[in-house]
């Protein structure tokens, strides 16, 4: 009896129902503020003979970023630590910056991993990754016995 809603109102509420929005709201409420803990934004550009990967890592020092390649998987990791001075504790009114570890992995099976070059400038990590050169199988004549 307490949940009775006039038919007209119920139909309007159902017309605005979006299951995807409901799932996004549930995820935001679970993880908090929609912060992505493990990802950062990247662009991958095909330059013909190489790929150029540009990753947004603003506010990181070069020393806080590591790039590892293992089993044809390239992993970019970065860690931002909270800088707290023991003598002064800040009195935050609002705090939106996230501190922690960020990581992304990419398949580099078609890349010459020995020739990858990395540069970090103005918060953008740029990796130049030359493509593997496909070698045609060598022509060979067989002797018939």
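The values are calculated or read from the model by the stated rules, or taken from the named source; none is laboratory data. Source: prediction; values computed, not measured. As a convention, Cβ positions derive from the backbone with ideal geometry for all residues, glycine included, and neighbour counts pool all protein chains shown.
Every condition in (1) without any contact (Cβ under 8 Å) to a residue 24 or more places away in the chain; (2) at positive phi is met by residue 72 except one, and the failing one is (1). Of the strands (runs of 3 or more DSSP E) entirely within the range 68-145, those holding at least 1 residues that are surrounded by 13 or more Cβ atoms within 10 Å (Cβ to Cβ), in contact with a helix residue (DSSP H, G or I) (Cβ under 8 Å, 6 or more places away or on another chain) and at pLDDT below 90 occupy 73-80.
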